[in-house]
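Below is one structure, written out as structure tokens; comments come after it.
Every number here is computed from the coordinates shown, using simple stated rules; none is lab data. Everything numeric here is computed off the predicted structure, so don't read it as measured data. Note: ideal-geometry Cβ built from the backbone for every residue, glycine included; neighbour counts use all protein chains shown.
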Amino acid sequence: MVIKKIDILECDGPLSDAHADSLEYIKKRIGDATAERILEQLIAFQVAIPSWALGAGGTRFGRFSIGGEPASLKEKVEDVGILHTLTGSAAEISLHIPWDIPKDINAIQQTAAELGIHFASVNSNTFQDHSDAEYSYQYGSLDHSRSEVRKQAVDHNKRVIDIGKTLGAKSLTVWLADGANFPGQKDFASALAHTQKSLQEIYAHLPEDWKMLVEYKPYEPNFYSTVIQDWGTSCMLAESCGPRAFTLVDLGHHLPNTNIEQIVASLIYRGRLGGFHFNDSKYGDDDLTVGCIKPYALFLIFLELVKGMEAGYKATRLEWMIDASHNTKDPLEDLLQSLDTLMITFAKALLLSRQALHKAQQANDPVMCQEILQKAYLTDVRPLVMEARKRAGGALDPVQAYRKIGVRQQLIKERGLDARATGL
Ligand SMILES: [Mn+2]
């Protein structure tokens, strides 16, 4: 299904006057030049959609299909096309291998090109057994005690790089489930040493213009220990590989109340922040809609990101990705909400007066520091986000347009009620 421009304009029609008034109001408050500066950066802001988040996610207790799910990679790319058409900010798709191995590279590239979609980081998967593999990953992959299992996992990562190359991707994301469920089960040091050596072998296979992103997670699916448990371990491993290895921060991969914005600042300081998996959580790796639980924490994270970017942090083009799972919402509607929140939060961070904050910090004036943060955070920047979408050809209100156009009903008609996305 392809959304027509005329349909979007029809949905925008009744909202246009109110939008023009709101835009004029905020422009008066923050000034035309600031508004235009923020609009420019919002229009350029592109987020990668994960290929595994376009169908119903489910939990270990069950899975509820939503109908019209994308059953092939082509349909997944088309779904990202729908999101991009409605928002102008989802020009990338991040693939999961082996869930999404392209069968016809040329055809998939053509579909993506027609929709203006690029291939972002490719994700390897050694957290489940592959049907064509000789060895099981039940007790680990890159960290495994047996060298033949480690070799199989390293070879899988090399293959993922090779597939990504044919699609024009420029990075590999590695997330390991490796760890232990019980005390005494694994030798910590040798598991870490094996992981480091395996990552170095994968890194050696990277093309010159590629980078490797190493994701960390404190627990789950192993509940006692995880080999790459935190940002420090990830950073240490990245540094042991070389200049094109970086840490990837997944917001849900932290213990409750972790100061993620400080982690971001430390990684930028070290030149090792490579990318993000955005989501939100209440308790653990809940993979909920971005900003639905802790919007202020997200704002503080964006402040550090914007500070780094404004200070010229260019160790790599930061990769912005969403990593979410949907059990009760239509995945496409949920992703539209996440994209909207990311744009809103980015705009607020861009609005903050960096100079004023620096001055207040130097003067050791915590009251004024907080005033400056609140002023930016409490400004309603939605008219700027709507305007950015409008200028990029998207809809003023993407969720409303999605429903008015009847996208899900149309997808169910085209693909059937039983269509099921690949994944776990
Ligand atoms: Mn992730």
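Mind listing the long-range amide H neighbours of Thr173? Cut-off is under 5 Å, sequence gap 5 or more, other chains count too, H placed in the peptide plane at 1.01 Å from N.
Here the answer is Val122, Asn123, Ser124, Leu213, since their amide H atoms fall under 5 Å of that of Thr173.
What does the helix-only formula give at 222 nm for the chain: each DSSP H stretch with n ≥ 4 adding -39500 (n - 2.57), the total divided by the residues, and the result rounded to the nearest 500 deg cm²/dmol?
-15500 deg cm²/dmol
Give me the three principal axis extents of the stretch 5-415 from the C-alpha atoms, as integers in angstrom, largest value leading.
Largest to smallest, the principal-axis extents are 66, 61, 41 Å.
How much length, in nm to one decimal, is gained on full extension between Ala189 and Arg60, taken as 0.36 nm per residue of separation minus their Cα-Cα distance?
Net length gain for the segment: 43.3 nm.
Step by step: find N for the stretch 294-341, compute 2.2 N^0.38 Å, then divide the Cα radius of gyration by it. What's the final number?
Output field value: 1.44.
For the stretch 250-259, just list the computed ³J(HN,Hα) in residue order, Karplus coefficients 6.51, -1.76 and 1.60, θ = phi - 60°, integers in Hz, with x standing in for Gly and Pro.
Once rounded to whole Hz, the list reads 9, 4, x, 9, 9, 6, x, 6, 4, 7.
For the stretch 1-61, what does the alpha-carbon gyration tensor say about shape, rounded, prolate or oblate, given a ≥ b ≥ c as the root eigenvalues, a/c under 1.5 as rounded, and a/b over b/c as prolate?
prolate
Using a Förster distance of 30 angstrom, determine the FRET efficiency expected from the C-beta separation of Met236 and Phe127, and round it to 0.05.
With R0 = 30 Å, the Cβ-Cβ based efficiency is 0.90.
Could you list, in their original order, any pairs among Lys314/Lys348; Lys217/Lys329; Lys4/Lys329; Lys158/Lys197; Lys5/Lys170 whose Cα atoms are separated by more than 20 Å?
Lys314/Lys348; Lys217/Lys329; Lys4/Lys329; Lys5/Lys170
Mind putting a number on the dipole of the stretch 242-293 about its Cα centre? Charges go on the C-beta only, +1 for Lys and Arg and -1 for Asp and Glu, and I need it in Debye to the nearest 20.
360
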